[in-house]
Every structure is written in C-alpha cells, then in structure tokens.
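Presented below is the structure to which this report refers.
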Amino acid sequence: MAVTKRLDEKLRSIHADPHGSPEFIIADAKDADMAFGMSAPGETRQGVSPEKHDGELRFKTLAEYRDQIRQVIGQQIVDIVLMSASTCEQLAVKERLFENSPLTPAARANDATDVHVPRGGTVHTEPARPFRTAHIDHMQCGHLDCSTAERDLGANLGLYSVTFLNDQERDLETLTRYKEFREEAERKQFRHFLEIFDPNVPDVVAAEKLPGFINDLIARTLAGVAQAGRPVFLKMVYHGPKAIEELVAYDPHLIVGVLGGAAGTTHDAFQLLHQTKKYGGRAALFGRKINQAENQLAFIEFLRLIADGVIEPEEAVKAYHSVLQKLGITPNRSLEQDLAFQTSVMSYGRSPTTISIPAPSTPAPTPPNSSPSESTTKVETTTSDKPDFAKMTSTQRLQYHLDRLKRSFG
C-alpha cells in the first residue's frame with residue numbers, strides 16, 4: 001500500500017480551512033547544484049589528499065551532498081525534498097527512497113539565467129532570461145517518453161521560477177515560457193510550485209513599491225490560469241507582514257511560502273519561519289540556511305518545532321547551540337552572535353535585493369523553571385505510547401522535544 005504523502009494531507013487541510021488549519025509546509029532545497037555547481041554541497045574541513053593541510057576547507061563532493069539528502073529523507077521531518085533532476089533520478093527513480101516515505105520528492109524544473117552563478121561568472125547580474133535544462137519526463141521516470149505507469153517513479157512535483165523585470169519584452173518572454181511549461185505539465189499530470197524572485201537588477205521598480213509590484217504580478221499572472229494549471233503553492237521573498245497579509249487576504253487558497261536566501265544567523269532563519277506563519281504564510285523553503293548549518297538534522301528539528309508552535313525562535317537558537325555543544329561541534333558563530341539579526345540577501349547571485357528579518361517586538365519567553373505540576377508530572381500517552389500533546393502544557397511539550405533531540409543527537 002502506498003504511503004500517504006504528508007504534503008498532500010497538509011494541502012487538503014489548508015484548503016479545507018484556510019484560516020484555521022495549523023499546518024505548515026517545510027521544504028529542504030537541495031537543488032543548488034543547478035546554480036553554484038561544485039560549491040553547491042558546501043564546505044568541509046576534511047582533507048582529501050596529502051597536499052591538504054589539516055583544517056583546510058574544501059568543497060564537499062556530489063556523493064557527500066547526496067548522502068546528506070539521504071539523511072534528510074530518512075529523518076522524515078521536512079515535507080518536501082527539492083533536488084536537481086539528476087539527483088532526483090538517482091535517489092527517487094533508481095534508489096526509490098521516496099516510495100515508502102511520507103516525504104514528497106521535487107525537482108527544479110527550470111533554471112533561468114539569474115541562477116547561473118559559477119565562480120567568476122557575471123551572467124546572473126544581467127537581466128534574467130528564461131531557460132529550462134530539465135525535462136518533465138526525466139524528473140518523472142529518468143528518460144524521455146515515459147509510459148503512464150512510469151510517471152510515478154520519480155518526482156511529480158517541480159519548482160518553476162520566474163523573475164519579472166518591469167520590461168515588456170523580457171516579461172512577456174518569461175510569461176510565455178511559463179505558459180508553455182504549464183501546458184506540458186498539465187498534460188503529464190506534473191504539479192509545480194511557483195518561485196517568484198525579485199528583479200535581479202537594480203532600479204527596475206522603486207524599493208517602496210516592490211512588495212506591491214510582486215503581489216500584483218502574482219495575482220495577474222495566475223488570474224488567467226484554471227485550477228488544473230495553477231501552482232500548488234508559492235515560493236517568494238519575504239517582504240514583511242503587510243505584503244504577506246495582503247496576498248493571503250486576496251486569495252486564501254493561494255498558499256504563500258517564503259524562500260530562505262543566504263545563510264545569515266540561526267536566529268534569522270528561525271525568525272523568518274516564525275514571522276511567515278504568524279502573518280499567514282504556510283510554507284518555508286530553506287536551502288543554504290539548512291545546507292550551511294553546523295548540523296543539518298538538528299537544524300531541521302528546530303524548524304519543525306517552531307513551525308508547530310512548540311518553541312519560540314530565540315529559545316530555539318539557545319537549544320540548538322546546546323545540541324551542538326553536546327555533539328562536540330564548534331558553532332560557526334558564538335551564541336551571542338547567532339542570536340543577532342543580519343540583513344539576508346535573497347537571491348542566488350547576491351544582487352542588491354535585500355530584506356531584513358524583523359526582530360520580535362518583545363523578547364522571546366524563556367520556559368519557566370520546572371515545577372512538580374509540569375516537568376515532573378508523567379505525560380499522558382495514547383494507546384500507541386505516543387505523547388498526547390493536547391494534554392501537555394507548553395513546558396511539557398518543549399521538554400519532550402528537547403529530550404527527543406538529546407536522544408537523537410547524543
């Protein structure tokens with residue numbers, strides 16, 4: 001019997017009750033090899049040859065990158081794993097890692113020029129042009145002309161990105177290519193989510209008008225698209241509470257998700273997810289923020305705890321550092337530095353487009369000291385010995401998850 005995909009369950013819940021559903025979608029974006037090439041897997045201090053000095057940084061290999069993805073799949077906490085078509089072929093089609101998993105595989109369906117970021121390259125700084133390397137059939141079954149039975153072997157969900165430049169010729173080209181993709185996808189029963197990048201060149205729209213510019217283009221672009229061809233959700237730059245609330249209010253069934261952008265501090269990442277959910281967003285897709293974390297699995301655990309309302313961002317940063325200490329991992333930043341906020345660059349090529357993650361208006365609460373009525377009281381469980389979260393206090397829920405993290409990571 002096929003395993004129900006958690007993404008599908010969450011989508012049904014959100015559409016059934018757009019304002020009341022507690023569901024939040026988390027995706028790990030491991031498709032950076034379609035942007036950065038060899039540097040996509042991130043850096044490591046492990047030497048690979050006698051010429052490498054101890055502690056010298058090198059890029060991880062593609063094999064190591066895919067091992068990290070296998071670990072994330074095995075962890076079963078994120079809802080979606082986004083990959084390049086070639087990695088999707090290996091892990092989904094050949095290894096069948098998603099066959100009995102609640103996770104949904106997805107592949108990057110296009111790679112416009114603003115994600116072409118080789119070392120020393122400058123193409124990504126020029127006005128974006130649409131381009132698509134991947135073929136839907138390759139994502140679904142690994143070769144052209146899939147049979148009907150083969151189309152479920154790989155991914156039936158893809159990320160399609162658009163970049164609007166306030167330029168008639170270029171924007172029409174972008175819209176035309178997106179239309180062609182939607183038509184092919186609908187015929188092959190291939191779903192997609194839509195990524196909307198901010199303009200990758202400066203001064204095409206006034207900064208104060210950018211959030212409205214993007215929102216209006218989303219609404220206009222999708223107004224002519226019937227339900228069968230619409231994206232299942234959006235992936236876009238976080239432009240603040242007002243912009244998200246405006247888009248959600250306009251169409252509650254247009255599920256808004258944010259992209260993570262550059263790594264930044266841990267508090268940046270945790271607060272971004274928290275703010276997104278607070279103001280009506282329903283998804284977060286983190287790539288570099290996960291990939292550059294000191295321990296990716298622990299980082300993902302805390303993303304889920306924040307999304308589920310179990311822990312506040314500031315306390316999650318402190319708990320994450322505690323996990324790193326127990327694992328003997330030296331953090332990239334001190335706890336004090338990691339609790340700070342930075343301006344996060346929200347593009348592959350570090351264009352002038354930036355956002356600032358707002359700090360919370362009041363300090364995040366710290367769990368109160370343990371008391372016999374809470375932390376020492378036995379947690380009521382169901383017949384399957386899983387905790388009954390409905391009968392737990394917030395402190396008990398937090399302690400349960402912290403204890404689980406300790407068991408998972410040492």
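Summary table
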quantity	calculated
Cα-projected label distance for residue 208 with residue 334, points at 7 Å along beta-carbon direction, nm	3.9
The stretch 212-245-the stretch 112-127 distance, computed between alpha-carbon centres (Å)	25
Label-point separation in nm, residue 99 to residue 76, each point 7 Å along Cα→Cβ	1.7
Separation of the residue 148 and residue 62 label points, Cα + 7 Å toward Cβ, nm	3.5
Cα centroid separation, the stretch 150-181 to the stretch 1-31 (Å)	23
Binned Cα-Cα distances of the stretch 173-312, short to long, each 5 Å bin given as a whole percent	2, 9, 18, 19, 19, 16, 11, 6, 1
FRET efficiency, residue 249 to residue 123 (Cβ-Cβ, R0 45 Å, nearest 0.05)	0.75
Neighbourhood charge, 14 Å Cβ-Cβ cut-off, centred on residue 339 and excluding it, Lys, Arg +1 and Asp, Glu -1	-4
Over 26 Å (Cα to Cα) - which of 10/209; 235/326; 5/318; 60/289; 10/318 fall in this group	10/209; 235/326; 5/318; 10/318
The stretch 104-162: trypsin sites (Lys or Arg not before Pro) in DSSP coil with no more than 14 other Cβ atoms inside 10 Å	119
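Here, each number is a calculation from the coordinates, and none is a lab measurement. Bear in mind the structure is a predicted one, so any value in this text is a computation, not a measurement. Using ideal geometry, Cβ is built from the backbone for each residue, glycine included, and neighbour counts are taken over all protein chains shown.
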